[in-house]
Amino acid sequence: MLAHVVAQTASGDAPPFDIFSLLLPLALAFLIFTMFRRQRKSQKQVKEMRTQMEPGTEVMTQFGLYGTIVSIDQENNKAVLELSPGNLATVHTQALSKVVQQESAVAGDGAEATGDDAAAQRDLDAYDGAPVPDDASSIDGADRAPSGGATAAGTTGSTLGESHEETTERLNREQAVRENRDARDARDPKVNPDN
């Protein structure tokens, strides 16, 4: 078979022109061109971002930390970030993935908040400085008696209207009953076969 192919090429019988033999190199050239173009575009974006990075700029690292640049050492590829007031971190400059745009500056271009945003802001402004209770007494339905007369501790009875002292006494009694039961179970060989 190989001899037949060699003999055919030597005799001068060239195969006719095939369009598919031309498409393969063209497709390969197009793929290489788009790969290099994409790489140059990403390098250009990284270079633009690096020029924006100066002390005072808020940035995000590749591992998700947000901070403000305090100083940059280009020779040693180090950047000092202030993550929170007084909390500094030194990272490699390649770990700085993007510059965080100040959203307040973008939103404050004279455009007023509309619809739900404005209503939510008014609601927040109305509650600003209002005292928040430390317990769940202000939740609707928090004063309801548990269904079936059972409390969270598993005893029956109503805890409605208990004072703090009464609640403490009740919890101490329940704890003592539990401890006595556990001690009795530990001594009984039928209940605890490990003894």
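The values are calculated or read from the model by the stated rules, or taken from the named source; none is laboratory data. None of these values were measured; they are calculated from a predicted model. When we count neighbours, we look across all protein chains shown, and the Cβ atoms used for this are built from the backbone with ideal geometry, even at glycine.
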Take region 76-98 and flag every residue that is in a strand (DSSP E or B), surrounded by 12 or more Cβ atoms within 10 Å (Cβ to Cβ) and either in contact with a Pro (Cβ under 7 Å, 6 or more places away or on another chain) or not β-branched (V, I, T) (or both). K78, A79, L81, E82, L83, L88, A89, H92, L96, S97, K98
Within region 58-74, which residues are assigned to a strand (DSSP E or B), surrounded by fewer than 18 Cβ atoms within 10 Å (Cβ to Cβ) and not β-branched (V, I, T)? E58, M60, Y66, S71, D73
Would you mind telling me which numbered condition in (1) within 50 Å of the chain's Cα centre (by Cα); (2) modelled with pLDDT under 90; (3) among the aliphatic types (A, V, I, L, M) A10 fails? (1)
With the requirement that a residue be outside any helix (DSSP H, G or I) and in contact (Cβ under 8 Å) with a residue 40 or more places away in the chain, what does region 33-56 give you? M53
